[in-house]
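The values are calculated or read from the model by the stated rules, or taken from the named source; none is laboratory data. Because the structure is predicted, anything quoted here is derived from the model rather than measured. Glycine gets a Cβ as well: all are built from the backbone with ideal geometry, and neighbour counts include every protein chain shown. Protein only, heavy atoms only, side chains kept; ligands, DNA and RNA dropped before computing areas. Shrake-Rupley method; radii C 1.70, N 1.55, O 1.52, S 1.80 Å.
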Amino acid sequence: MERLIVTFAKYKKCTILTSQNCQMSKAITSKEKNYSDWYNDLVVEADMAEHSDVRGCMVIKPHGYAIWEKMQATLDKMFKDTGHVNAYFPLFIPKSYLSKEAAHVEGFAKECAVVTHYRLKNAEDGSGVVVDPEAKLEEELIVRPTSETIIWNTYKGWIQSYRDLPLLINQWANVVRWEMRTRLFLRTAEFLWQEGHTAHATREEAIEEAEKMLNVYAEFAEHFLAMPVIKGIKTASERFAGAEETYCIEALMQDGKALQAGTSHFLGQNFAKAFDVKFANKEGKLDFVWATSWGVSTRLMGALIMTHSDDKGLVLPPRLAPLQVVIVPIYKGEEELAKISERALEFKSALQKKGISVKYDDSDKQRSGWKFAEYELKGVPVRVAIGPRDFQNGTVEIARRDTLTKEVVSHEGLADRIEKMLEEIQQSLFDKAKSRLVASTRKADSYDAFKKMLDEDGGFILAHWDGTPETEERIKEETKATIRCIPLDQEKEDGKCMVSGKPSNGRVVFARAY
RNA sequence: AGGGGCGUAGCGUAGUCCGGUUAUCGCGCCUGGUUUGGGACCAGGAGGUCGCUGGUUCGAAUCCAGUCGCCCCUACCA
């Protein structure tokens with residue numbers, strides 16, 4: 001392998017190392033060189049997750065999990081504020097449930113893990129344990145790939161009258177989809193998510209709910225992840241298995257590929273019919289209830305990484321950073337450290353009073369330079385360094401993770417200044433991502449122009465489509481691009497399908513996607 | 001499922017073609033010292049069922065057979 005790695009050329013004499021003999025630890029592949037390697041390296045080196053011995057499954061490490069917990073906490077509050085409550089349903093679903101809704105089973109059957117036995121026994125040759133053939137389950141259980149079936153089977157017992165509606169429930173859970181190819185956070189066999197499942201008396205109310213939750217997701221993405229999204233609806237072929245309509249938010253990653261970041265489904269009466277969930281309306285007539293489901297997963301971690309991060313590591317928007325500020329002392333000897341620590345701890349408590357999460361890292365296990373690099377790798381938005389020079393001059397050095405800029409400022413009003421800086425970083429990350437999205441969203445009026453745009457820059461391409469699955473399929477086959485969505489704010493515009501030439505009255509969003 | 005490749009210390013690897021002292025090097029780890037404004041340096045040290053099983057041989061990481069696991073490409077994939 002002739003892979004050459006040039007590390008820290010800026011700081012040291014330029015050192016060229018080959019993977020043959022030597023590889024600097026914590027060196028991540030540059031984005032430009034290989035975006036995919038960059039992503040994988042970053043997830044591992046920033047200590048967010050690692051591959052487990054179980055194929056397709058990952059271990060989410062404390063730093064990654066802390067970010068997920070921030071997402072959970074924020075979303076959970078948003079769900080509660082919109083009237084939802086949490087509950088928990090079983091991991092296992094009787095196999096027969098899955099097949100009650102035809103489209104649903106069709107969509108998921110090929111990627112289900114199945115439990116067939118309930119006991120092990122010692123192998124006769126002493127080689128370990130084997131499945132006890134005596135302990136075969138009468139009905140196999142599948143590990144939930146999603147919970148519609150078990151939940152609707154349960155709702156049947158909870159809903160009798162319009163007075164029981166709406167039923168607005170969410171669950172935080174893990175699910176399993178036996179994927180062939182997996183990537184940390186983006187696609188793993190087991191992942192964490194939330195799934196909301198609601199029941200309503202009318203079609204209109206259910207649609208309103210599905211749209212409301214899509215807006216919650218969009219607000220979360222933009223306000224907390226600082227990740228601009230396009231809201232839209234999926235075409236029939238991209239629709240959730242069992243849904244009448246699938247709403248989605250689509251984001252654009254730095255490499256020009258799209259990522260579906262969240263979905264919200266209007267399920268019509270499909271599951272109510274499949275599980276016979278009826279309610280008596282005010283007139284005393286029985287009717288099937290109307291349903292929605294909506295979810296976001298640990299995939300958002302991937303979205304977050306690929307929206308803001310750089311070659312030095314993770315870049316976190318302050319609102320999601322488990323640690324917003326780190327204070328690093330620079331010192332010679334314990335006496336100096338003691339003086340600096342005293343001041344640093346004052347800053348720490350001033351910041352904490354403002355509700356900012358802050359760590360003072362006075363560990364003597366690593367040197368300051370190592371800490372700088374490490375906290376950059378982990379995405380801490382603001383770093384404060386205090387050394388003897390600062391101590392003399394009544395200053396500190398503040399460094400911004402997103403812009404990698406540093407400034408020396410006075411102690412005076414430091415907490416206020418940092419508080420403001422965190423807000424600026426949040427806004428600036430969003431603005432930057434938004435400009436990228438706008439610049440990467442272009443119109444194509446011919447199939448040739450479309451292909452050229454895809455190959456040259458990727459991004460979102462707005463084009464006319466005749467509305468048929470055949471054309472959609474052909475485009476996918478020929479270009480690997482899919483219709484990400486029909487945007488909710490689609491402008492009416494008469495045009496012709498770029499492939500078939502048939503009439504179209506608005507543009508849809510195409511992209512190559514994760 | 002078809003094709004290709006790889007298993008040597010926590011990680012990355014040399015050695016395998018052509019069998020031969022104590023299995024190579026780097027990172028990381030431990031100890032001591034010097035250091036500390038961008039991933040420090042010096043010295044010393046610990047760490048190995050060479051994936052597993054069997055065979056050939058005076059002798060196997062190396063050759064042979066079997067076996068297990070993983071990765072990549074193609075195919076599949078909401």
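Some observations on this one:
Here's the yes/no breakdown for (1) modelled with pLDDT under 85; (2) in a helix (DSSP H, G or I):
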{"site": "A:Leu17", "(1), (2)": "yes, no"}
{"site": "A:Cys22", "(1), (2)": "yes, no"}
{"site": "A:Ser25", "(1), (2)": "yes, no"}
{"site": "A:Lys31", "(1), (2)": "no, no"}
{"site": "A:Val43", "(1), (2)": "no, yes"}
{"site": "A:Asp47", "(1), (2)": "no, no"}
{"site": "A:Val54", "(1), (2)": "yes, no"}
{"site": "A:Gln72", "(1), (2)": "no, yes"}
{"site": "A:Met78", "(1), (2)": "no, yes"}
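- Scanning region A:383-411 for residues that are touching a Pro at 6+ places or on another chain (Cβ under 8 Å) and closer than 23 Å to A:Lys432 by Cβ yields A:Arg400, A:Arg401, A:Asp402.
- Those residues of region A:138-184 which are part of a loop (DSSP other than H, G, I, E, B), open to solvent by less than 20 Å² (accessible area, probe 1.4 Å) and more than 16 Å from RNA strand B (Cβ to nearest atom), in sequence order: A:Ile159
One line per residue, one yes/no per condition, for (1) within 25 Å of A:Glu245 (Cα to Cα); (2) in the same structural domain as A:Phe240 (by TED's automatic domain parsing); (3) touching a Lys or Arg at 6+ places or on another chain (Cβ under 6 Å):
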{"residue": "A:Phe89", "(1), (2), (3)": "yes, yes, no"}
{"residue": "A:Ile93", "(1), (2), (3)": "yes, yes, yes"}
{"residue": "A:Asn122", "(1), (2), (3)": "no, yes, no"}
{"residue": "A:Thr146", "(1), (2), (3)": "yes, yes, no"}
{"residue": "A:Gly157", "(1), (2), (3)": "no, yes, no"}
{"residue": "A:Arg163", "(1), (2), (3)": "no, yes, no"}
{"residue": "A:Pro166", "(1), (2), (3)": "yes, yes, no"}
{"residue": "A:Ala173", "(1), (2), (3)": "yes, yes, no"}
{"residue": "A:Arg181", "(1), (2), (3)": "no, yes, no"}
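- When residues in region A:364-394 are screened for being more than 6 Å from RNA strand B (Cβ to nearest atom) and either in contact (Cβ under 8 Å) with a residue 60 or more places away in the chain or under 17 Å from A:Leu351 (Cβ atoms) (or both), 9 of them pass.
- Filter pass, A:Tyr331 being in the same structural domain as A:Gly413 (by TED's automatic domain parsing), within 16 Å of RNA strand B (Cβ to nearest atom) and within 32 Å of the chain's Cα centre (by Cα): no
- Being touching a Phe, Trp or Tyr at 6+ places or on another chain (Cβ under 9 Å), surrounded by 12 or more Cβ atoms within 10 Å (Cβ to Cβ) and closer than 29 Å to A:Leu304 by Cβ is a property that A:Ser504 lacks.
- Residue match in region A:429-439 (condition: aromatic (Phe, Trp, Tyr) and either more than 16 Å from RNA strand B (Cβ to nearest atom) or open to solvent by 40 Å² or more (accessible area, probe 1.4 Å) (or both)): yes
- Filtered residues of region A:185-194 (kept if within 11 Å of RNA strand B (Cβ to nearest atom) and either in contact with a His (Cβ under 6 Å, 6 or more places away or on another chain) or closer than 24 Å to A:Lys212 by Cα (or both)): A:Trp193
- Residue match in region A:391-399 (condition: surrounded by fewer than 19 Cβ atoms within 10 Å (Cβ to Cβ), modelled with pLDDT of 95 or more and farther than 27 Å from A:Arg343 by Cβ): no
- Some residue of region A:282-298 being closer than 27 Å to A:Ala373 by Cβ, open to solvent by 10 Å² or more (accessible area, probe 1.4 Å), polar (S, T, N, Q) and outside any strand (DSSP E or B): no
- Any hit, region A:211-232, residues being in contact with a His (Cβ under 6 Å, 6 or more places away or on another chain) and touching a residue at least 24 places away in the same chain (Cβ under 8 Å): no
- Some residue of region A:307-324 being in a helix (DSSP H, G or I) and more than 25 Å from A:Arg187 (Cβ to Cβ): yes
- Of the residues A:Ala399, A:Ala481, A:Ala415, the single one that is within 15 Å of RNA strand B (Cβ to nearest atom) and farther than 30 Å from A:Thr235 by Cβ is A:Ala399.
- Within region A:405-433, residues that are without any contact (Cβ under 8 Å) to a residue 60 or more places away in the chain sit with their Cβ atoms under 6 Å from residues that are acidic (Asp, Glu) and within 15 Å of RNA strand B (Cβ to nearest atom), at 6+ positions apart or across chains, in these pairs: A:Lys406/A:Glu397; A:Val408/A:Glu397.
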